[in-house]
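Colleague: Mind having a look at this structure? Questions to follow.
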Amino acid sequence: MNIGVLVKPVPDPEQYNSITIDPETKRLNRSGVPTIVNPSDKCAVEAALKLKEKFGGKIVIFTMAPPDGREKLMEVLAMGADEAVLVSDREFGGADTLATSYTLVKAVEKKSAESESFDLILSGNESADGATGHVPAQVGEMLGFNHLSAIVQIVAEGEGRPDSLTVFQKIENGKNEFEIKLPAVIGVTRDINKPRYTSAMGVIKAKKKPFDTYDCEALSPDKSRIGIEGSPTKAGAIFTPDTGRKSEELSGSPEEIAEELVKRIKAIGVTINSGGGCRE
Amino acid sequence: MSNRKIFIYAENDCGAIENSYFELLSKAAALNVKLTELEGAPAQLCAVTVGELGEDSLNSLVESGTDVVYSITDESLTVYNPAVYSEAVAQLCKLEEPYIFLFASTAMGTELAPSLGVKLHTGVSAHCVDLRFDDSGAFIQDVPAFGGKVIGEILTPDTLPQIATVKPGIFQCECLAAKSAEVKKFSPSLDSTVLDGIVLKDVHVKDRDSLPVEQAETIICGGFGMGCDENWEVLDRIANYFENSAVGCTRPALDEDWTDDDGTMIGTSGKTVRPKLYIGAGISGAMHHVCGISDAEFIVSINKDENADIFNVSDIKIVGDAVKILTAFEERLVQE
Ligand SMILES: Cc1cc2nc3c(=O)[nH]c(=O)nc-3n(C[C@H](O)[C@H](O)[C@H](O)COP(=O)(O)OP(=O)(O)OC[C@H]3O[C@@H](n4cnc5c(N)ncnc54)[C@H](O)[C@@H]3O)c2cc1C
């Protein structure tokens, strides 16, 4: 089973509170926030590794990023993926999800033409930074593959390369169970698994694995569909929402604090039911 | 009325219309006021539904205050299949050429909207927190980035429809003046290759006997600082003292299995809530969580770290051990 996995380097989501907007330039200031592999993309890699353990085949990682994206790809190769493709060119910059999906699709198609075609493309359901969740669906549409998003479980039964997979999709009040025919694109959420750690051996092996870089010339895309030009959505102003509140501190012993808290709660018109029992 | 059409996708859950439709419709009606000012005439508001609707549901759409109800039906649309649904909706769009198309960012909406973006070659904005027209008539879609720490304006200036998804709970439902919408039936032509790529085998609905957090007036929310399973129970006991209350959680609490109901997670990947009272304990204040509570009327936070970010977005700050404070609070509630 040949699997492509789409991954994206993102600023570490644990540190988004320290991202600010420069009041002068109105540019985003994320200095000091390290770049990591998008959390749900790591889960996609883990899901691919599990499928490979069962069915064999090859895992190729794709990322569209500036040249320093290479470092993050090495990390994913160290987890156990077989090959990596860095899709990188100034001309790809400023792409929205539609242009990004198109560019990734061109890379997937090039790789398929050069070696074997893919049975499955996996990716995290959404990136931590932009979080649109559009890429799995849009890549699926453009490849002409079946596609599903928000997958929390993949069940692959039997021996040999399967024709279809049973997958569970998270919905508002439970789960949808789908059978999806391959080839397919599947977006997975972080509920699906816990990604493995990389071993020292994995890091050493990663250095010897095939690594391709595709620039714009290599992909020969329709130029009206890449980068800022090829993006139907345009970014306007950015701002930080004002979520600040007065943060009045209650102090004293826990009992005193509790007493004051009850007072405050009543003052805003919330009633406390004597004896409890509201949720029985 | 102008020829412009604002489409609103009305999600059909087993024949009943999802509440998110009414939220989107309320916003569309507000947008229409501005559009009338700018252009002299309002756009047509159009509900779009896929699959058979029960008579009551169809009526609730017809009387919802919209001008037109497009009802897309076909025998292949009785069971949800995202590939078939998006194809059917795309065909309607090619025929009717909507100006704006709004979806809820539910599981269904977040799958249909980007698919439609490819089929119609247009832009899609995701999880919008506000929608407006500026004075030049540009349709501005405010989208959160970095977990909601930053809001960015998105515009789709050159292609139509301008597609946006909005998280349920962001806009409030308002009753619109009743009128009777015209129902237009649409039958798409669906070829068999689209039909059998994906098959819905089953729907596993989670039974919940408690009130959903998004409907609660009081939310007692626990985070990683609750420490363990046993400590978690005090949240439930406290919630018991409040009418229409619910216990919410952050991502780590779910990961630790202190609660198994992922429908109670609040934030970017969870629910957006607007209770009168939110009490959070052992929560650091990551934007991913905070953006889900910013519409709460009154926020009380308990954290042992006096510099925790959560305090910046709280009305009341309590520095201390979550369990000690909550236990004292519970003992005080008993005396009520
Ligand atoms: C794409 C993405 C989406 C996400 N979506 C969501 C989402 O929807 N909802 C969500 O909640 N998270 C989400 N997260 C995770 C989010 O970034 C944070 O990691 C999470 O909200 C932190 O939860 P927490 O505050 O409970 O835990 P922590 O950040 O670990 O904070 C624990 C807090 O408890 C305090 N504490 C510890 N012990 C005690 C004690 N004894 N008494 C009092 N206080 C104590 C600590 O001082 C600390 O401030 C998402 C992350 C990503 C990447």
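Colleague: Considering Cα pairs under 8 angstrom that are at least six residues apart, work out the relative contact order of chain A and quote it in whole percent.
Modeller: Dividing the mean separation by the residue count of chain A yields 23 percent.
Colleague: Within the accessible area of the protein assembly as shown, what % is carbon and sulfur when the probe is 1.4 Å and the other protein chains stay in place?
Modeller: It is 47 percent, rounded to a whole number.
Colleague: What ranking of B:237, B:132 comes out by heavy-atom accessible area, probe 1.4 Å, highest first?
Modeller: B:237, B:132
Colleague: A further question follows. Any idea which of B:7, B:123, B:78 is furthest toward the positive side of the dipole for the range B:5-195, if Lys and Arg beta-carbons carry +1 and Asp and Glu beta-carbons -1?
Modeller: It is B:123.
Colleague: Through the Karplus equation 6.51 cos²θ - 1.76 cosθ + 1.60, θ set to phi - 60°, convert the phi angles of the range B:301-306 into ³J(HN,Hα) values in whole Hz; use x for Gly and Pro.
Modeller: My calculation for the range B:301-306 gives 10, 10, 8, 7, 9, 5 Hz in order.
Colleague: With only Lys, Arg, Asp and Glu charged, each at its Cβ (+1 for the first two, -1 for the last two), find how big the charge dipole of the protein assembly as shown is about the Cα centre; round to the nearest 20 debye.
Modeller: 1440
Colleague: What is the local net charge at residue B:116, summed over the other residues whose Cβ is closer than 14 Å to its Cβ (Lys, Arg +1; Asp, Glu -1)?
Modeller: Charge balance in the 14 Å sphere: -3.
Colleague: What FRET efficiency do you get for residue B:200 and residue B:36 if R0 is 41 Å and r is their Cβ-Cβ distance, rounded to the nearest 0.05?
Modeller: Working from the Cβ atoms, E equals 0.50.
Colleague: Tell me the trypsin sites (Lys or Arg not before Pro) within the range B:1-76 that lie in a loop according to DSSP and have at most 15 other beta-carbon atoms within 10 Å.
Modeller: Of the trypsin sites (Lys or Arg not before Pro), not one in the loops of the range B:1-76 has a Cβ with at most 15 other Cβ atoms within 10 Å.
Colleague: Counting only DSSP beta bridges with both residues in the range A:1-103, what percent are antiparallel, rounded to the nearest 5?
Modeller: If I count the DSSP bridges inside the range A:1-103, around 35 percent turn out antiparallel.
Colleague: Return the sequence-ordered ³J(HN,Hα) values of the range A:88-99 in whole Hz as given by the Karplus equation 6.51 cos²θ - 1.76 cosθ + 1.60 applied to θ = phi - 60°, using x for Gly and Pro.
Modeller: 8, 6, 3, 5, 7, x, x, 6, 8, 5, 5, 5
Colleague: Put +1 on the Cβ of every Lys and Arg and -1 on every Asp and Glu Cβ in the range B:148-202; which of B:170, B:151, B:198 then has its Cα farthest towards the positive end of the dipole?
Modeller: B:170
Colleague: For the range A:2-225, rounded, prolate or oblate, judged on the Cα gyration tensor with a ≥ b ≥ c (square roots of eigenvalues), a/c < 1.5 rounded, else prolate if a/b > b/c?
Modeller: The shape class here is rounded.
Colleague: Just how much of residue A:170 is accessible, in Å², when a 1.4 Å probe is used and the result is rounded to the nearest 10?
Modeller: Number for this one is 50 Å².
Colleague: What is the pair-distance distribution P(r) of the range A:58-186, computed from all Cα-Cα distances in 5 Å bins starting at 0, with each bin given as a whole percent?
Modeller: Per 5 Å bin, starting at zero, the Cα-Cα P(r) for the range A:58-186 comes out as 2, 10, 17, 22, 23, 15, 7, 3, 1 percent.
Colleague: Show which lysines lie in cross-link reach of residue A:234 when reach means a straight Cα distance below 20 angstrom and same-chain residues fewer than eight apart are skipped.
Modeller: A:26, A:223, B:119, B:149
Colleague: Would you work out if the range B:135-212 is rounded, prolate or oblate? Take a ≥ b ≥ c from the square roots of the eigenvalues of the alpha-carbon gyration tensor; rounded if a/c is under 1.5, else prolate when a/b is larger than b/c, oblate otherwise.
Modeller: Rounded, because the longest to shortest axis ratio a/c is under 1.5.
Colleague: Same structure again: Can you list residues from other chains, or at least 5 along the same chain, whose modelled amide H is less than 5 Å from the amide H of residue A:212?
Modeller: Amide H neighbours of residue A:212, under 5 Å, 5+ apart: A:84, A:85, A:86.
Colleague: Next question. Considering only DSSP states other than H, G, I, E and B, which GluC sites (Glu not before Pro) in the range A:142-231 qualify as loop sites with at most 12 other Cβ atoms within 10 Å?
Modeller: Sparse-neighbourhood loop GluC sites (Glu not before Pro): A:157, A:159, A:229.
Colleague: Also, quick follow-up: What's log10 of I(q)/I(0) for the protein assembly as shown at q = 0.06, 0.08, 0.09 Å⁻¹, Debye sum over Cα points only, no solvent?
Modeller: For the protein assembly as shown, the Cα-only Debye profile gives -0.33, -0.59, -0.75.
Colleague: Starting at the first residue of the range A:56-73, write each ³J(HN,Hα) from the Karplus equation 6.51 cos²θ - 1.76 cosθ + 1.60 with θ = phi - 60°, in whole Hz, x for Gly and Pro.
Modeller: For the range A:56-73, the Karplus curve yields x, x, 9, 10, 10, 9, 10, 9, 9, 6, x, x, 6, x, 3, 4, 6, 5 Hz.
Colleague: Let me ask something else about it. Using Cα-only point scatterers and the Debye equation, what is log10 of I(q)/I(0) for the range A:14-76 at each q in 0.28 Å⁻¹, rounded to two decimals?
Modeller: Debye curve over Cα of the range A:14-76, log10 I(q)/I(0) at q = 0.28 Å⁻¹: -1.19.
Colleague: Over the alpha-carbon set of the range B:5-195, work out the extent along each principal axis and list the three values in angstrom, largest first.
Modeller: Reported extents, whole Å, longest axis first: 44, 36, 28.
Colleague: Something else about it: By the gyration tensor of its Cα atoms, with a ≥ b ≥ c the square roots of the eigenvalues, what is the shape of the range B:213-335: rounded for a/c under 1.5, prolate for a/b over b/c, or oblate?
Modeller: The shape class here is rounded.
Colleague: Which cross-chain or sequence-distant (5 or more) residues have an amide H under 5 Å from the amide H of residue B:140, H modelled 1.01 Å from N in plane?
Modeller: B:132, B:133, B:134
Colleague: Run the quick spin-label model on residue A:194 and residue A:109: label points 7 Å from Cα toward the beta carbon, then report their separation in nm to one decimal.
Modeller: According to this spin-label approximation, the distance is 4.1 nm.
Colleague: Might you report the magnitude of the Cβ-based charge dipole of the range A:55-95 about its Cα centre, with Lys and Arg at +1 and Asp and Glu at -1, to the nearest 20 debye?
Modeller: So the dipole magnitude of the range A:55-95 works out to roughly 60 debye.
Colleague: Please enumerate, by chain and number, the aspartates and glutamates with C-alpha under 15 Å from the C-alpha of residue B:201, excluding those fewer than 8 residues away in the same chain.
Modeller: A:177, A:179
Colleague: Show me you know the interface measure: the accessible area buried between B and A, both chains summed, probe 1.4 Å, in Å² to the nearest 100.
Modeller: In total, chains B and A hide about 7500 Å² from solvent.
Colleague: The range B:167-273: which GluC sites (Glu not before Pro) are DSSP loop and have at most 11 other beta-carbon atoms within 10 angstrom?
Modeller: none
Colleague: Under a cut-off of 19 Å between alpha-carbon atoms, report the lysines in cross-link reach of residue B:206, not counting same-chain residues fewer than 8 places apart.
Modeller: Partners within reach: A:170, A:175, B:271.
Colleague: Tell me the label-point distance for the pair residue B:207, residue B:97, using the 7 Å Cα-to-Cβ offset, in nm and rounded to one decimal.
Modeller: If labels sit at residue B:207 and residue B:97, their model points lie 5.3 nm apart.
The values are calculated or read from the model by the stated rules, or taken from the named source; none is laboratory data. From a predicted model like this one, the values you see are computed outputs, not experimental measurements. Cβ coordinates were reconstructed from backbone atoms using ideal geometry, including for glycine residues, and neighbour counts include every protein chain displayed. In case anyone asks, the SASA skips ligands and DNA or RNA and just uses the protein heavy atoms, side chains included. Shrake-Rupley method; radii C 1.70, N 1.55, O 1.52, S 1.80 Å.
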